[in-house]
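In what follows, a single structure is set out as structure tokens and then discussed.
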Amino acid sequence: MLPASPRHIAVIGGGITGITTAYSLLKRGFDVTVFEKNNYAAMETSFANGGQLSASNAEVWNHRPTVLKGLRWMLRSDAPLLVNPRPSWHKLSWFAEFMRAIPQYENNTSETARLAIAAREHLFQWAADESIDFDVKHEGILHIYRDKKGFDHAANVSKLLAKGGLERRSVTPEEMRSIEPTLAGSYYGGFYTESDATGDIHKFTHSLAKAAERRGATFNYGHSVQDLGADDSSAWIDAEVDGQSVRHTFDGMVICAGVGSRYLAARLGDRVNIYPVKGYSITVGLNDAASQQGAPTVSLLDDETKLVTSRLGNDRFRVAGTAEFNGINRDIRDDRIRPLIRWVEQCFPGVSTRQVVPWAGLRPMLPNMMPRVGNGKRPTVFYNTGHGHLGWTLSAITAELLADAVESSAVQTRAVLAR
């Protein structure tokens, strides 16, 4: 006889990836329990990112010019890409795999664009279905370039994005000022993607978690996973809550634990070579009329400084970016925040930077810059992790792909039981 109730799946991680995964599984009829060590959803990497839903930022980093820039920047503490030169086996193995992935640069860039486009449809539909207000703006994203070299590289990237189905157009400095009149400075040109959008990831993730709860998901907040395991028919989790360790058993589990996924995967016999790449952001309070008028409404991406912007409502302006390879380190360094503030003052002189809230988060990055989505060695173990700098942009489609994998596994299990 077939099981009468849906299979019970645990999701480890309450960030954007874990919550979208839980939501997708619920919509397929699975029972879902989410484990999150914090007391709320989206309290770490999904708390204050750049806010872009940006298919136009799909270019992967496995490109020789990027490597050369990184080497030149190693001794600059304020560099857009900063690598702590202190060696570790994890870091060395990650960079070795990163270099080996350079031949896949073009294909992975096009594939990432394709995934990002597919993700939009699901994410916006979910927001509409659940009446989620997350300060979304459908104003597009403008990439800005100060010299011909950067602009020409972007033109080549546009061809790769087009292979993935993304349309973006080149714009002159005059057109750039028409698109975003508040932008100051001298530019060679830009590229504008009208179909991209922005919003508040924390608001979206928190609201989608509430929607999942309404749909029947169980949320174990404040539960720190201490150990876990699986065989061919079940999975178990030992979680600590209020100083007590409690074992939970499920039909399967999905690892969506961000930079913690590598450790959990190793406990399950899988290798998921995620490295924590720190990014920084500032949220500028637009507390006066002049700042509100002087801040952009169109989202920007400055390829030279590796910074992105989002206008969140009327009174907040988010600037985020940079990449720091420094292990599990969440320290907010002043020498990394200052360049973001200076950038705002140079590009948007009408914006007051008197009130700035700094933040840092760890992006879970795999060496080929592509997320890990699908089965582990055991048929009861699944992964949806390693999204790097495009966690929010890709989250909805990888959640759907992950739900496909779990659903397929459930069908196979039912077929075996029916024999």
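The values are calculated or read from the model by the stated rules, or taken from the named source; none is laboratory data. Just so you know, these numbers come straight off a predicted model, no measurement behind them. Glycine gets a Cβ as well: all are built from the backbone with ideal geometry, and neighbour counts include every protein chain shown. Heavy atoms of the whole protein, side chains included, go into the accessibility calculation; ligands, DNA and RNA do not. Shrake-Rupley method; radii C 1.70, N 1.55, O 1.52, S 1.80 Å.
Things to note:
- From 399, 323, 403, residue being modelled with pLDDT of 95 or more and touching a His at 6+ places or on another chain (Cβ under 8 Å): 399
- All positions within the stretch 231-264 that are within 19 Å of residue 407 (Cα to Cα), part of a loop (DSSP other than H, G, I, E, B) and open to solvent by less than 60 Å² (accessible area, probe 1.4 Å): 234, 251, 256
- Scanning the stretch 299-314 for residues that are within 13 Å of residue 199 (Cα to Cα) and surrounded by fewer than 20 Cβ atoms within 10 Å (Cβ to Cβ) returns 313, 314.
- Qualifying positions in the stretch 109-148 - part of a loop (DSSP other than H, G, I, E, B), closer than 30 Å to residue 211 by Cα and charged (D, E, K, R): 130, 133, 135, 139
- In the stretch 277-293 there is at least one residue matching the filter, namely being open to solvent by less than 30 Å² (accessible area, probe 1.4 Å), closer than 16 Å to residue 348 by Cβ, of a type outside the set (Lys, Arg) and in a loop (DSSP other than H, G, I, E, B).
- Residues that are closer than 18 Å to residue 399 by Cα, of a type in the set (Lys, Arg) and out of contact with any helix residue (DSSP H, G or I) (no Cβ under 6 Å at 6 or more places or on another chain) do not occur anywhere in the stretch 48-71.
- Residue within the stretch 223-230 that is crowded, with 23+ Cβ neighbours inside 10 Å and hydrophobic (A, V, I, L, M, F, W, C) present: yes
- Taking the criterion of being assigned to a helix (DSSP H, G or I) and open to solvent by 20 Å² or more (accessible area, probe 1.4 Å), the residues of the stretch 67-90 that qualify are 67, 68, 69, 71, 72, 73, 89, 90.
- Any hit, the stretch 266-273, residues being at pLDDT 95 or above, among the small types (Gly, Ala, Ser) and surrounded by 15 or more Cβ atoms within 10 Å (Cβ to Cβ): no
- Filter result (assigned to a helix (DSSP H, G or I) and crowded, with 24+ Cβ neighbours inside 10 Å) within the stretch 24-47: 24, 25
- Scanning the stretch 149-197 for residues that are open to solvent by less than 30 Å² (accessible area, probe 1.4 Å), assigned to a helix (DSSP H, G or I) and either modelled with pLDDT under 95 or aliphatic (A, V, I, L, M) (or both) returns 154, 157, 160, 161, 176.
- The one condition in (1) of a type in the set (Gly, Ala, Ser); (2) assigned to a loop (DSSP other than H, G, I, E, B); (3) surrounded by fewer than 16 Cβ atoms within 10 Å (Cβ to Cβ) that residue 50 fails to fulfil: (3)
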